[in-house]
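Read through the structure below, which is laid out as C-alpha cells, and then see the notes.
The values are calculated or read from the model by the stated rules, or taken from the named source; none is laboratory data. This is a predicted model, so every value here is computed, not measured. Cβ coordinates were reconstructed from backbone atoms using ideal geometry, including for glycine residues, and neighbour counts include every protein chain displayed.
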Amino acid sequence: MEGASPSQPAAAEHGSAAGERDQLLDHEYDGIREYDNPLPRWWVWMFAGSFWFAVGYYFHYHVSGNGTSVAAAYEADVAEAREQAAKSSLAQPVNEESLGKLMADAGLMKDAQAAFALRCAPCHGDKAQGLIGPNLTDNAWIHGQGTLTDIYNVVDQGVLAKGMPAWGKQLSPIEVRKLAAYVGTQRGKAVPGGKAPEGAVVEHD
Ligand code: HEC
C-alpha cells in the first residue's frame, strides 16, 4: 500500500539486486541522470507474445481466409436463427398464406437468393430471367397460374421430361418452400433482356 514504508529507499522496493541494476549512466542533462535497467522480463514476454499473436491473428483472419470474422460469424448465427424460425412454418400446410409469410421475410429471402444462385441460376439465370429454363420474372406460366402453391408444386415435383429437377427429392422441405417463396418475389419483375414468355399469360389485378 502506498506509503506503507515511506522511509525505505526506492531501490529496496524493487529488491536490491546489486550488480547490474540501478547503474547510473554516465551522462547528465541539466542535473537529470538515468539508470539503464532492463525492462522487466514479464513485460518483455507479454510484448513478444502479443506481437506474435497479432502476426498469427492477421494471417488467420485477413490473409488465409480461414478465420471467420466476428461480423461473418454473427451473420451466420442470425441466418441460422431465421432458418429455425422459418421451420416453424412447416407445421402449416403448403398454401398461399404459409408461403406468403416466408416471402415477406426479407432476411430469409436474401438467404433464398443465395440458394437460388446456387441451384436454379444455372438454368433460370442469375436474375431468374430465364436461360435453359423459362423466365420466372414474367407473367406467363407453363404450369398453373403462378400462384405460390403452383410454383411450389413445380419446384417440389419438377418437370422431369422437360429437364426441371424435382427439388423435393434433393432439398429439405423448408428449403423447397423458401425457394418457391423466392420465385414468388420475382414474379412480374420483368427483368430487362429476359427470355421471351412461355406458357399462358396470367393477368393480375
Ligand atoms: C437443369 C435445369 C434447371 C434447374 C437447375 C432448375 N430448373 Fe426450373 N425449370 C427448368 C425447365 C426446363 C423448366 C420448364 C419446364 C417445362 O417446360 O415444363 C423449368 C420450370 C420451372 C418453373 C415453372 C415455370 C412455369 O412457367 O411454369 C419454376 C417455378 C421453376 N422451374 C423453378 C425453379 C427453381 C426454384 C429452381 C431451383 C431450386 C429451378 N427451377 C432449377 C429447368 C431447371
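Looking at the structure I just gave you, is Asp126 assigned to a helix (DSSP H, G or I) and either acidic (Asp, Glu) or on the phi > 0 side of the Ramachandran plot (or both)? Criteria not met by Asp126. Of all residues in the stretch 159-186, those being within 22 Å of Asn139 (Cβ to Cβ) and either touching a strand residue (DSSP E or B) at 6+ places or on another chain (Cβ under 9 Å) or of a type in the set (Phe, Trp, Tyr) (or both) number 1.
Each row is one residue, and each column tells you yes or no for (1) in the same structural domain as Asp22 (by TED's automatic domain parsing); (2) more than 25 Å from the chain's Cα centre (by Cα); (3) surrounded by 10 or more Cβ atoms within 10 Å (Cβ to Cβ).
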| residue | (1), (2), (3) |
| --- | --- |
| Arg33 | yes, yes, yes |
| Asp36 | yes, yes, yes |
| Arg41 | yes, yes, no |
| Ala73 | no, no, yes |
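Among the residues of the stretch 122-179, which ones are β-branched (Val, Ile, Thr) and free of Cβ contacts under 8 Å to residues at least 60 places away in the same chain? Of everything in the stretch 122-179, those that are β-branched (Val, Ile, Thr) and free of Cβ contacts under 8 Å to residues at least 60 places away in the same chain turn out to be Ile132, Thr137, Ile142, Thr147, Thr149, Ile151, Val154, Val155, Val159, Val176. The set of residues in the stretch 134-147 that are within 10 Å of the ligand (Cβ to nearest atom) and either touching a helix residue (DSSP H, G or I) at 6+ places or on another chain (Cβ under 6 Å) or not assigned by TED's automatic domain parsing to the domain that holds Pro93 (or both) comprises Leu136, His143, Gly144.
Selection of the stretch 153-205 for residues being within 9 Å of the ligand (Cβ to nearest atom), under 27 Å from the mean Cα position of the chain (by Cα) and of a type in the set (D, E, K, R) yields only Glu175. If you go through the stretch 108-125 and keep only what is surrounded by fewer than 21 Cβ atoms within 10 Å (Cβ to Cβ) and near the ligand (Cβ under 9 Å from one of its atoms), you end up with Ala115, Leu118, Arg119, Ala121, Pro122, Cys123.
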